Every structure is written in structure tokens, then in C-alpha cells.
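Before any comments, here is the structure.
Here, each number is a calculation from the coordinates, and none is a lab measurement. Everything quoted here is computed from the prediction, not taken from an experiment. For neighbour counting, all protein chains shown are included, and Cβ atoms are generated from backbone atoms with ideal geometry for every residue, glycine included.
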């Protein structure tokens, strides 16, 4: 017999993601999923951003990596609660791994949660983790062709950070070409240019995060 | 290389469908995969061959139907299918924006042998 159905391949992940989101909603926590290629500057961005946020909000971080706890150590050095999720070779985080990570964090009283995904421009984009907002980091060092090469990564982003802008003058990165290609797949996302050496754009980033609707509510 | 975990997820969907209809064997699965997912159809079939072993899907064929994204060119108001990541409108050379589709990832049919 033939069975006609329409079932999402990732339905199990999507259900776990919905559970995560509901739980975070109940606790009044806004969650950001940070995605980008390896070396795009996701951890450096958090290092620049967290000191500004932690005075105003209770912040925590889930660090996804294939191996090592190096990134988690960098976050812990800022005196921000952090849990390392090691995927043991897996190329992306999924909602179940995040669920396990959440169980190791003190969630009560928390306002903001950042989940730094595994450095990879392809696979992580497929998996909803239960986040409220998606931040994609594209570094100048990677090249301006990445929005065309990895459209799914950019398609569902709420914010796109162009990082390492201090390198613009040393590379052939064409900013207007990158922005033009981003707009082919995403006409809505906010774009912020940053540089963690001079902290350019970090105030703007902090304001964007602080403008989230769940924040400021009791 | 996310094909393997996607093949695993496809198997889980197929197994639960088999239980739902009381099938003892699934012989064929058909899925729709959007181009923007950047999934290699052959790799997906290879991965499925590995994960299906010893399950109700043992020996089942996996058909992969690729779906292209549709884009809209605002300069000449034309809609077209995006091929190979090319967003340039063939009519006016303008750059088009994503209209719909390209991110499909679903099982759309199964062929099953049911206990009589």
C-alpha cells in the first residue's frame, strides 16, 4: 500500500525545540542562537558583548563545540555562567543537546541566554534549538561570497554581524556585494558591522539585544 | 556532512508511520528536499542504506525529489526558479529576492507491506 503523508524530517528536533522555547518563555529568558563558520569570531563577539550586558541582566552561555573546553573557559573568565556542550564530532547542535545543556544551568532569574553553535556555516542552520532570535556572524576574513554559498545560514537570521571589519582594508572583501547577496535571501535582517579590537559596533549590538520584548518585564 | 543525521531522522519518521498503519515492511520512501538545504541526494541515499539495516525499512529505496527556491525580480516583476544559486534575473539582469520554497525537508509518501 502507498501512504501519502507530509511529515517534516526534523519533526522530533522541532518538537524538542518547541519544548525548549516554552520553558524559556515561562522563565522569561530570551535565547539567541549564534551561528557562523569556524573562526568567524563568535566567541570574540561574546567576549566583547557580555561585559556590557551582564551589568544590566543575568546572562548565561551554552558553548557548542566538537572538542575542547577552550571557548567555555574564555566565557568563564568573564565571570559569566557557562556550560560546554561537546558534540563529540557532531557538526551541529540540536534541540536535545540544548535541552541537556539547560538542565546543567541555573535558569531561575536568568534574562538572557546565548547559545554559541558549532563553527560551521552549513549544518547548524538546519536545526531549530528553541531560540527566540538567530544571530549569524560573517567575518571579513571569510570572504564576501559566503551569503551566496551558504544561503540557508543567512535566510532565517534576525541579525547578521559582519565581524573583523578592522581587516576590511587588508582584504578584498566587498561589503556592498556581501550586503547585496544577503538581501537575495533575507530582506529583513538587521546588519551590524563590528570589530572587537576597537569595539566598533558593540554598543549597537548591545542595544539590539536589549530591545528584545521579554527584557525589561518583571 | 549532515546527511547522516537527516537519514536517521527520516528513518525515525518512517518507523513511526509503519507502526501507525501496522506495516511490517517499508519498501520505498519519497522525500522532498529544497535546494537551499544543500543536501547531496546521493550521500543521503548512501547514509539511508546504512541506517535502514535491521529495521522495518531494511532494503527500502529512498527517492529524493529536489525542489528549487522561487525568486522574484522586483525590477521586471518576474518570478523564476533559482538554479545553482544564481539569483540574477535572466530577463533584465536584476538581482532577485527569495519568494518561497527551497527549504523543504519532508517525507511525502511511503510504500508499505501491511499484515493482512
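Remarks
- Relative contact order [Cα under 8 Å, 6+ residues apart], chain B, whole percent: 37 percent
- Distance between the stretch A:118-151 and the stretch B:54-113 - C-alpha centres, whole angstrom: 20 Å
- Other protein chain Cβ atoms within 10 Å, averaged over every residue that makes up A:94-102: 0
- Placing pseudo-labels 7 Å out from each Cα toward the beta carbon at residue A:190 and residue B:63 gives an inter-label distance of 4.7 nm.
- Pairs of Cα atoms nearer than 8 Å and 6+ residues apart set the relative contact order; for the stretch B:24-63 it is 67 percent.
- Among B:97-106, B:68-77, the peptide with the highest mean count of other Cβ atoms within 10 Å heads the list, and the full ranking is B:97-106, B:68-77.
- Antiparallel DSSP beta bridges within chain B, percent to nearest 5: 70 percent
- Taking the longest Cα principal axis of chain B as reference, the axis of helix B:41-51 is set at about 20 degrees.
- The angle separating the long axis of helix B:3-21 from the principal Cα axis of greatest extent in chain B is about 60 degrees.
- Across peptide B:4-13, the average count of Cβ atoms from other chains found within 10 Å of a residue's Cβ is 4.
- Of the peptides B:85-95, A:77-87, the ranking by mean beta-carbon count within 10 Å, highest at the top, reads A:77-87, B:85-95.
- Averaged over B:97-106, number of beta-carbon atoms from partner chains that fall within 10 Å: 4
- Computed over chain A: relative contact order in percent, which uses C-alpha pairs under 8 Å that are six or more apart: 25 percent
- Max-minus-min Cα coordinates of the stretch A:11-209 on each principal axis give 45, 38, 31 Å, with the largest extent listed first.
- Residues A:25, A:65, arranged from fewest to most other Cβ atoms within 10 angstrom of their Cβ, appear as A:25, A:65.
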